[in-house]
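Worksheet: one structure, shown below.
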Amino acid sequence: MKRRRCSLASTQTGWWITDDASGSLGATLRGDILEAELGDGAVTVEIHHSALNYKDALALTGSTGVVRTTPLIPGIDFAGQVVNSSDPAFTAGEHVVLTGWGYGETRHGGLGTRAKVEAQHLVRLPASLSTFEAAALGTAAFTAALAIDALEKSGTTPDRAPLPIAVTGAGGAVGSWAIVLLAHRGYRVVAVTGRSELEPYLRSLGAEGIMPRSEILQATQRPLRAETFSGVVDQAGGPLLASLLSMVASNGVAVACGLAGGVELSTTVMPFILRGISLVGINSVTQPPEVRERVWSEFAKSASSFPFTEIASSIRLTEALATAPSVLAGETRGRVVVEVGP
Ligand SMILES: NC(=O)c1ccc[n+]([C@@H]2O[C@H](COP(=O)([O-])OP(=O)(O)OC[C@H]3O[C@@H](n4cnc5c(N)ncnc54)[C@H](OP(=O)(O)O)[C@@H]3O)[C@@H](O)[C@H]2O)c1
């Protein structure tokens, strides 16, 4: 496992979002960020690997919905090594991962070489996971794991799911990890994608079949369609989720994770009152430490079987802004890991 030594550099490099007089946001790569500009936080982390999440792509391209304060270093998750800590919970040299908690939205995040964070927001990285692997998993796999928890809490366990689980945004980061984790637990999975050319990749992750997004969207919209899925793990929202609700089998559950296809949800109560289905939402940002510890420990146990190199592609920190439009256009596959370290 590759582990790096802490750097003693006094200035840091990172993407820096500011707003102009008209309120427009812009991102530049600064190489002269002072420690004092990194904000408060008991633990200083040298970032080895970050990621370009959907939210990060929005922030870098000027979305005010994600950037809640300026100036801001974007980056909602990262993995690295503790440089120093005034909180006794962590000591220098420990490897850590952080997802959510508003980093990269309301306070400086992970698209830079260093971050100052609160100890309760960190998870100590299990020894079997490298910082690259932690970033390859990141918010996406954490969210997918929470979605599977939600399915199972609602009674849709592998042995009580006679039909497949539909995973939307299958070619993206959350969708790819959802396929892997569902298949790993013994669920049958159908990958719903806008990119049929990804079929070999999606099957390699564990999908037993592929369904084009257009096939679901173009079908006649009826309040109830044939019972096709025992559950749904959805990254899209909008019309795709609305259509899929009408295809969930009796007592099944749809788990809403994202909004890649829109924030509106136009549906009827019919699937809820005639089939008893549930719609559950996931918010990965503010999950308590015990949930995070459990999920990361489960990742560590299964990591040797995870297809990291299939799911993760790497870019350099300098390439984050130029790559952001491809993420928003749904053109990237799996997870985009950002190589940050020294
Ligand atoms: N709830 C949470 O805590 C949480 C955590 C992480 C992410 N999210 C959200 O989940 C969503 C996915 O995140 P991600 O990191 O997986 O993003 P991503 O890697 O960019 O993947 C998004 C995928 O959505 C699909 N897509 C694109 N346009 C679409 C459209 N118009 N209709 C339906 N599907 C479309 C594409 O997959 P195909 O080409 O295969 O169809 C694309 O690859 C985002 O909205 C993100 O903000 C929420």
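Observations, loosely collected:
- Using θ = phi - 60° and Karplus 6.51 cos²θ - 1.76 cosθ + 1.60, couplings along the stretch 222-234 (whole Hz; Gly, Pro as x): 10, x, 10, 10, 3, 5, 10, 10, 6, x, 9, 10, 10
- Considering only beta bridges that DSSP places wholly inside the chain, some 55 percent are antiparallel.
- Computed over the stretch 73-148: relative contact order in percent, which uses C-alpha pairs under 8 Å that are six or more apart: 36 percent
- Positive-end residue of TYR103, SER266, THR228, charge dipole of the chain with Cβ unit charges: THR228
- Using alpha-carbon coordinates, inclination of helix 173-185 to the longest axis of the chain, degrees: 60 degrees
- The average projected area of the chain, computed from the convex hull of its Cα atoms over all directions, is 16.9 nm².
- In this calculation the C-beta distance from LEU259 to ARG203 is compared with R0 = 35 Å, giving a FRET efficiency of 0.85.
- For the stretch 139-281: relative contact order, % (alpha-carbon pairs under 8 angstrom, 6 or more apart): 23 percent
- Of the residues PHE90, PHE308, the one with the fewest other Cβ atoms within 10 Å heads the list, and the complete ranking is PHE308, PHE90.
- Counting only Cβ charges, +1 for Lys and Arg and -1 for Asp and Glu, the dipole size of the stretch 139-281 around its Cα centre is about 160 debye.
- For LEU240, the shell of other residues with beta-carbons less than 10 Å away shows a net charge of 0, using +1 for Lys and Arg and -1 for Asp and Glu.
- Counting only DSSP H runs of at least 4 residues, each contributing -39500 (n - 2.57), and dividing by the residue count of the chain, the helix-based mean residue ellipticity at 222 nm comes to -8000 deg cm²/dmol.
- Translational diffusion of the stretch 217-342 was estimated from the Stokes-Einstein equation, with Rh taken as the Kirkwood radius over Cα pairs; at 25 °C and 0.890 mPa s the coefficient is 141 µm²/s.
- The packing ranking, built from the mean of other Cβ atoms within 10 Å per residue, places the peptides 250-259, 153-162, 107-116 in the order 107-116, 250-259, 153-162, highest first.
- The residues packed around GLY109, meaning those with a beta-carbon under 10 Å from its beta-carbon, carry a net charge of -1 if Lys and Arg are +1 and Asp and Glu are -1.
- Residues in the stretch 65-93 that a label on GLN120 would reach, taking backbone N under 19 Å of a point 7 Å out along Cα→Cβ: 85-91
- Extension gain for ASP19 to HIS184 (0.36 nm times residue separation, less C-alpha to C-alpha distance): 55.0 nm.
Bear in mind that the values in this text are calculations on the coordinates, not laboratory data. What you are looking at is a predicted structure, and each value in this text was computed from that prediction instead of being measured. Ideal geometry is used to build each Cβ from the backbone, glycine not excepted, and the neighbour counts take in all protein chains shown.
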